[in-house]
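A.B. asks: Let me give you the structure first, and then I'll get to my questions.
Derivation of every value follows stated rules applied to the coordinates shown; laboratory data play no part. Keep in mind it's a predicted model, so treat the numbers as computed, not measured. No Cβ is skipped: glycine too gets one built from the backbone with ideal geometry, and neighbour counts run over all protein chains shown.
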Amino acid sequence: MTYIKKYIRFLASFGITENNFNDEKEKLTKKFHKPASDGDTLWALFNLVILKNTDIQILKSIYHLMALYLNEEGRDSFNENATAAKLELKFLKEHGAKKVEILVNSGCVQCQKNNGCIFDIDVALDKMPVPNAKCTYDLDGKGNSFCRCTYLPAVDI
């Protein structure tokens, strides 16, 4: 439950409290006809925040939290990480970016190959080079890959 509490604290910035967690757990327990796990409850709250928001940056943050949570659980987090990256690209495009550059945050050898690469934003949205599917960076030492690469708006000089 210790790391679950960490995510509940993160969700506080989206209006989710420990009371909301307990209420949701009770609802899920009734729905499942057995005690709901803390993980199922947290996942339900992530999805509740997604359903209540249309702001791209909030959605990106939630998907990123979901990816971190899955990684911490030792589960595949690629799809949630990719959704967060796609939302970042959409945000950049909405704010006028035409091109994006990949920034590698102390990544693996596979990711380093993409450091500084510039893409037309529509090409990046189509090809989704971030997160890198071949990334081997182990975020928390549990043996799971977690690409930390990100997009920055590229400026023509």
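A.B. asks: Answer with one residue from A133, N114, N19: the one whose Cα lies farthest towards the positive end of the charge dipole of the chain, charges on Cβ with Lys, Arg +1 and Asp, Glu -1.
C.D. replies: Positive-most Cα among the choices belongs to N19.
A.B. asks: To the nearest Å, what is the center-to-center distance of the stretch 1-32 and the stretch 79-157, using C-alpha atoms only?
C.D. replies: 30 Å
A.B. asks: Run the numbers for D126 and K52: contour at 0.36 nm per residue of separation, minus the present Cα-Cα distance, in nm.
C.D. replies: On the way: separation 74, 0.36 × 74 = 26.64 nm, distance 2.69 nm.
Gain in length upon complete extension: 23.9 nm.
A.B. asks: Can you give the FRET efficiency to the nearest 0.05 for V109 and R75, using r as the Cβ-Cβ distance and R₀ = 25 Å?
C.D. replies: 0.55
A.B. asks: How large is the Kirkwood hydrodynamic radius of the stretch 3-85, in angstrom, based on all distinct alpha carbon pairs?
C.D. replies: 13.0 Å
A.B. asks: A follow-up question, please. Given a Förster distance of 35 angstrom, what is the FRET efficiency for A12 paired with V155, based on the Cβ-Cβ distance and rounded to 0.05?
C.D. replies: Efficiency, from the Cβ-Cβ distance: 0.50.
A.B. asks: With 18 Å as the cut-off, how large is the P(r) tail for the stretch 66-127, expressed as percent of Cα-Cα pairs?
C.D. replies: Summing the P(r) tail past 18 Å for the stretch 66-127 gives 47 percent.
A.B. asks: Another question, then. Choose one answer from A36, A124, A133: the residue with the largest mean-square fluctuation in a GNM of the chain with alpha-carbon springs under 10 Å.
C.D. replies: A36
A.B. asks: Build a GNM of the chain with springs between Cα atoms under 10 Å: which of H64, H95, H33 gets the top mean-square fluctuation?
C.D. replies: Comparing H64, H95, H33 in the GNM, the peak value goes to H33.
A.B. asks: Let me ask something additional. Quick one: compute the contact order of the stretch 21-157, relative version, from alpha carbon pairs under 8 angstrom and 6+ residues apart, as a percent.
C.D. replies: Reported relative contact order: 21 percent.
A.B. asks: Can you give me the distance in nm between label points at D40 and Y3, each placed 7 Å from the Cα along the Cα-to-Cβ direction?
C.D. replies: Between D40 and Y3, the label points sit 2.0 nm apart.
A.B. asks: Now a separate question. Relative to the present Cα-Cα distance, how much length would full extension add between K98 and A133 at 0.36 nm per residue of separation?
C.D. replies: Result: 10.2 nm gained on full extension.
A.B. asks: Helix 56-72 against the longest principal axis of the chain: what's the angle in degrees, Cα atoms only, rounded to the nearest 10?
C.D. replies: 70 degrees
A.B. asks: With a 10 Å cut-off between alpha carbons and a GNM built on the chain, which of K134, K34, K113 moves the most?
C.D. replies: Taking springs between Cα atoms under 10 Å, the residue moving most is K34.
A.B. asks: If you fit an axis through the alpha-carbon atoms of helix 78-94 and take the longest principal axis of the Cα set of the chain, what angle between them do you get, 0 to 90°, nearest 10?
C.D. replies: Tilt of helix 78-94: around 60 degrees.
A.B. asks: Right, something else. Answer rounded, prolate or oblate for the stretch 40-157, using the Cα gyration tensor with square roots of eigenvalues a ≥ b ≥ c: rounded when a/c is under 1.5, else prolate when a/b is larger than b/c, else oblate.
C.D. replies: oblate
A.B. asks: Quick one: length gained pulling K31 to I118 fully straight, 0.36 nm per residue minus the C-alpha distance?
C.D. replies: In short, 26.5 nm is gained.
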